[in-house]
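Novice: One structure is given below, represented as structure tokens, and several questions about it will come after.
The values are calculated or read from the model by the stated rules, or taken from the named source; none is laboratory data. Please read these numbers as outputs of a predicted model, since none were measured by experiment. Reconstructed Cβ throughout: ideal geometry from the backbone, glycine too, with neighbour counts over all protein chains shown. Each accessible area value is taken on the protein alone, full model and side chains, heavy atoms only, with ligands, DNA and RNA left out. Shrake-Rupley method; radii C 1.70, N 1.55, O 1.52, S 1.80 Å.
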Amino acid sequence: MPASWRTVPMPEPVESLQRTSAGMPIPFTVSRGHDPEYIAYRQETGLTTVCGCDPRVDEPVFSAQCPERQRQCALEGLCSVCGQGITEGLFAFGGLPLPGTDLYMEAGAHPQCLSYAFQVCPVLARESGPEHPVVLAEQVHTCEGRLLSAADHDTLIVLAHGATGGHSFPLQFYLSQPQDPQVLHRDTFLHRFPTTA
């Protein structure tokens with residue numbers, strides 16, 4: 001069971017997040033509302049999964065990412081937890097890469113914000129043990145994850161960011177590829193990056 005978000009010290013950027021009615025911070029990339037996604041054509045990205053959620057009024061769906069805010073974080077170098085810029089230092093990745101790759105569907109985070117999430121998020125607590133890998137990198141390469149649909153299954157295809165050849169396949173997420181990564185076990189990461197300075 002994770003620690004309570006009320007007792008773990010919050011990094012300053014997390015303190016500024018929108019909150020639930022109980023006061024719990026809502027991570028920046030969390031989707032809002034019930035299944036607000038649809039496919040639309042955008043000049044710069046072609047077919048694109050668009051999210052109609054409104055963080056000002058819709059209830060958070062903690063088990064889903066908003067594809068719009070996920071892409072914004074990956075493209076602009078924003079923290080996937082707090083939504084603020086990672087202007088210097090390290091990008092931290094706490095999820096697992098796509099199978100057989102070094103590509104992450106979740107955008108990077110500030111190490112302190114990810115440390116907080118590891119301690120209070122029920123999903124991260126359930127899915128990561130003490131030796132769970134956490135990847136750190138100073139630079140990240142961004143690719144496009146587009147959806148190729150067939151009658152019996154969907155396949156995520158990976159293209160270079162900005163490649164126009166894939167515009168007929170819906171853009172789902174931007175995928176992050178850490179450059180020259182350093183890998184730590186979760187508990188080593190938590191010790192090295194406490195939630196407060």
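Novice: Where the centre of each part is set by its Cα atoms, how far does the range 111-163 sit from the range 65-83, in angstrom?
Specialist: Here the answer is 11 Å between Cα centres.
Novice: How much accessible area does Ile39 have with a 1.4 Å probe, in Å² rounded to the nearest 10?
Specialist: Here the residue's solvent-accessible area equals roughly 90 Å².
Novice: A further question on this structure: How large is the helix-only mean residue ellipticity at 222 nm for the chain, computed as the sum of -39500 (n - 2.57) over DSSP H runs with n ≥ 4, divided by its residue count, in deg cm²/dmol to the nearest 500?
Specialist: For the chain, the value works out to -5000 deg cm²/dmol.
Novice: Follow-up question, since we're still on this one. Could you tell me the accessible area of Tyr104 in Å² (1.4 Å probe, neighbours in place), rounded to the nearest ten?
Specialist: About 20 Å², ignoring ligands and nucleic acids.
Novice: Continuing with the same structure: Run the simple label-point estimate for Thr20 and Thr164 please: 7 Å along Cα→C-beta, distance reported in nm.
Specialist: Using points 7 Å along Cα→Cβ, the separation is 4.6 nm.
Novice: With 5 Å bins from zero, work out the P(r) of the range 1-118 over every alpha carbon pair and list the percent per bin.
Specialist: Calculated over all Cα pairs of the range 1-118, the distribution is 2, 11, 19, 22, 21, 15, 7, 2, 1, 0 percent.
Novice: Sticking with this structure for a sec: Please check the chain for the longest run free of GluC sites (Glu not before Pro) that are loop-located per DSSP (anything but H, G, I, E, B) and have at most 16 other Cβ atoms within 10 Å.
Specialist: My reading of the result: 139-197 is the longest stretch.
Novice: I'd like the per residue volume of the convex hull spanned by the Cα atoms of the chain, given in cubic angstrom.
Specialist: Given the Cα convex hull of the chain, per-residue volume reads 134 Å³.
Novice: Let me ask something else about it. At R0 = 22 Å, how high is the FRET efficiency between Tyr38 and Glu76 if r is their beta carbon distance? Nearest 0.05 is fine.
Specialist: FRET efficiency, Tyr38 to Glu76: 0.45.
Novice: Mind checking which of His161, Pro130, Cys73 is farthest towards the positive end of the chain's charge dipole, using Cβ charges of +1 (Lys, Arg) and -1 (Asp, Glu) about the Cα centre?
Specialist: Value: Pro130.
Novice: Any chance you could run the full-extension gain for Leu156 through Glu59? It's 0.36 nm times the residue separation minus the Cα-Cα distance, nm to one decimal.
Specialist: 32.1 nm
Novice: In square angstrom, what is the accessible area per residue of the chain with a 1.4 angstrom probe?
Specialist: 53 Å²
Novice: Let me ask another. Along Cα→Cβ, 7 Å out, is where each label goes; now give me the distance between the ones at Gln139 and Thr7 in nm to one decimal.
Specialist: So the two model labels end up 4.3 nm from each other.
Novice: Treat each spin label as a single point 7 Å out from the Cα along the C-beta direction, and report the Asp102 to Gln182 distance in nm.
Specialist: Reported label-point gap for Asp102 and Gln182 is 1.6 nm.
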